[in-house]
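Just so it is clear, none of the values below were taken in a lab; they were calculated from the coordinates. Quick caveat, the model's predicted, so the values are computed rather than measured.
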Amino acid sequence: MRRWPRLPNEYVQFLRERGAGPIEDGFQFDFLSQPLDACSEVFKDREILERGAKGDVIVFGHDQSESSFGFDLGDANAIVQIDASRLVSRVPGSFAQFVEQLITKYPQVPK
């Protein structure tokens, strides 16, 4: 996390307490073990800056619909969704609210 000292504390705390990967087996969202720079490490281009990102985006996870999620450092660390076409959409709420919404959106898959 030293690479991005401005990441929200609640995200850093979440990783320390819960770790990376899915929250539970069968969960449809994966948290990365290390956040990645969207332009240089995920998409290998800067197209997201033309499609809605206000600054560098640090990706913290992805879902199975090929969307990545991260913090837009140019928009006060707002959570954003980046779809497969690199369209960037702001996700309302805090990181804690985002996690709560994930649990609602992607219920546990029965074993």
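Table for the structure above
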quantity	calculated
GNM top mover of G55, G70, G93 - the chain, alpha-carbon springs below 10 Å	G93
Rounded to 10°, Cα long-axis angle of helix 95-105 versus longest principal axis of the chain	50
Kirkwood hydrodynamic radius (C-alpha pairs) into Stokes-Einstein, segment 1-64, 20 °C and 1.002 mPa s, D in µm²/s	166
Placed amide H near F29: partners under 5 Å, 5+ positions off or other chain	I23
21 Å tail of the calculated P(r), the chain, as % of Cα pairs	31
Cα gyration tensor category, rounded, prolate or oblate, for segment 45-99 with a/c compared to 1.5	oblate
